[in-house]
Amino acid sequence: MVVHVLKETLDTIQLPRRPEKLLTAGDQGCSCGQNTPFVADAIVHHMTDPVHRPFYFSDLPSNDFNTLFHLLQDSTTKAGNGSQRRYFAAGVPGSFYGRLFPEKSINAFNSTFSVHWLSQGPREVIDKGSAAYNEGKVFVHGASEATGAAYRRQFQFDLARFLRRRAAELKPGGAMFLLCLGRPAANPTDQGRVRLLYGTLFEDAWADLLVCSISLA
């Protein structure tokens, strides 16, 4: 649904007058599902001639890179007609809130539905002496104003750090495509429909764990 917007972003990349021998791209916060190789193919096919280029898949070390690499191989096999993947794939484990690549080394970055994941939960929300203490909850939806403000500050800090790191790693004239979750209200304690996934289910799971621990006590 958003591939055309991604391609418009790629069209803004300013390549040097001399053709580069190496055009590089990276997916920040990649998943291990079919959507990841699909987006990688879209990027590489749009920004280069039919030659092989490096493409870096980056996520936390706990990501299932083995499954992802099997998907890359499967997608190449299913294409048939002797076709080959147009890029050399590499995994880059680490948090995208830190530096992952050398300075000025990447032409294009993609990050889809990833930057809403914070580097850590705000410390205030687990401090019983803080006005932002999120008692009995594991999510921001429906929390107090002070709790919402704590999450907002953490997100702003993390996003600024993410953008600074990518700015250092992008080549001059490079571009970054960000697709982020949004919410219908300015108030961070109103998470809209995503509360069903990230709120209700988490809260129910937490409540079940509490009941289980009490039963075993």
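Observations
- Distant-in-sequence amide contacts of HIS116, defined by a placed amide H-H separation under 5 Å and a gap of 5 or more residues or a different chain, comprise LEU181.
- Under 5 Å between amide hydrogens, built in the peptide plane, is the criterion, and for ARG53 it picks out TYR87, PHE88 among residues at least 5 positions away or on other chains.
- The range 3-191: mean projected area of Cα convex hull, nm²: 12.5
- Qualifying aspartates and glutamates (Cα of each under 18 Å from Cα of LYS128; at least 8 residues distant if same chain): GLU145
- Remark: spin-label model distance LEU201-VAL5 equals 2.3 nm, labels positioned 7 Å along the Cα→Cβ axis.
- Protection proxy ranking, peptides 162-170, 115-123, average beta carbon neighbours within 10 Å, highest first: 162-170, 115-123
- In Hz, Karplus ³J(HN,Hα) per residue of the range 142-157 (6.51, -1.76, 1.60; θ = phi - 60°; x = Gly, Pro): x, 7, 6, 4, 5, 5, x, 5, 5, 5, 4, 4, 5, 5, 4, 5
- Full extension of the segment from ARG183 to SER119, taken as 0.36 nm per residue of separation minus the current Cα-Cα distance, would add 21.1 nm.
- Residues with amide H under 5 Å from that of ASN110, placed H, sequence gap 5 or more: GLY26, ASP27, GLN28, PHE177
Only the coordinates and a few stated rules stand behind these numbers; no lab work does. Given the structure is predicted, the values throughout are model-derived calculations rather than measurements. We place every Cβ from the backbone using ideal geometry, glycine too, and count neighbours over all the protein chains shown.
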